[in-house]
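Here the structure comes first, spelled out in structure tokens, and everything after it is commentary.
What follows is calculated from the coordinates using simple rules that are stated; it is not laboratory data. Given the structure is predicted, the values throughout are model-derived calculations rather than measurements. Note that each Cβ is placed from the backbone with ideal geometry, even for glycine, and that neighbours are counted across all protein chains shown.
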Amino acid sequence: MFESDFAKIEYIEKDNVVFHTWKKEAHFDDYRAPVTASLELLRERKDSIFVVDARNGFEDTKEDVEWGFNYFLPELKKTGCKIWGFILPKVSHIEGEIDLWTKEIEKNFRVIRATSYDEVLSQA
């Protein structure tokens, strides 16, 4: 488990889910520390589902996107994770950001977009 002012990350054993909840906008170290914590849990819990609650989502900086694409996603692939769930409202103010990430994520993972945690699980 990890928690900061920006995010909370926990492992939900009964569902085999690493659950990453963004609390507020984060960039650089405030962004990368929680994402790295999620990665560590995903490494420990092989083949788990990664669920990101992005209802408090935000536009990433160019540097954070590059770090995510060049470091985080390749490392995530090594964990055995195959499903990435996004929890978002039906229409989000960060649609462009979600589309950008989804296009990259879909190269190696199945992406589920849903409005709740239970909805992600029902489609997994």
Handout entry: log10 of Debye I(q)/I(0), alpha-carbon scatterers only, for the chain at 0.12 Å⁻¹
Key = -0.37
Exercise for the section: Provide the net charge surrounding Tyr117, with neighbours chosen by a C-beta distance below 10 Å and charges set as Lys +1, Arg +1, Asp -1, Glu -1. Expected result: -4
Handout entry: Rg over Rh [alpha-carbon atoms, Kirkwood Rh] for segment 1-43
Key = 0.97
Fill in the blank from the handout: Karplus-derived 3J(HN,Hα) from phi for segment 69-75 (6.51 cos²θ - 1.76 cosθ + 1.60, θ = phi - 60°), whole Hz, x at Gly and Pro, runs 6, 8, 10, 4, 4, x, 5
Fill in the blank from the handout: Checked against a 18 Å limit on the C-alpha separation, the offending pairs among Lys14/Lys46; Lys77/Lys103; Lys62/Lys90; Lys82/Lys107; Lys23/Lys78 are Lys62/Lys90; Lys23/Lys78
Exercise for the section: Taking GluC sites (Glu not before Pro) as candidate sites, keep only those in a DSSP loop with at most 15 other Cβ atoms within 10 Å, then name the longest stretch of the chain containing none of them. Expected result: 60-105
Completion exercise
Phi-derived 3J(HN,Hα) across segment 27-40 with the Karplus relation (6.51, -1.76, 1.60, θ = phi - 60°), rounded Hz, x for Gly and Pro, is 9, 6, 4, 5, 8, 6, 4, x, 5, 5, 4, 4, 4, 4
Handout entry: Reachable aspartates and glutamates, given that their alpha-carbon falls under 16 Å from the alpha-carbon of Lys24 and they are not under 8 places away in the same chain
Key = Glu3, Asp5, Asp53, Glu59, Asp60, Asp64, Glu97
Problem - Charge tally in the Cβ shell below 14 Å around Lys23, where Lys, Arg are +1 and Asp, Glu are -1, Lys23 excluded - result: -3
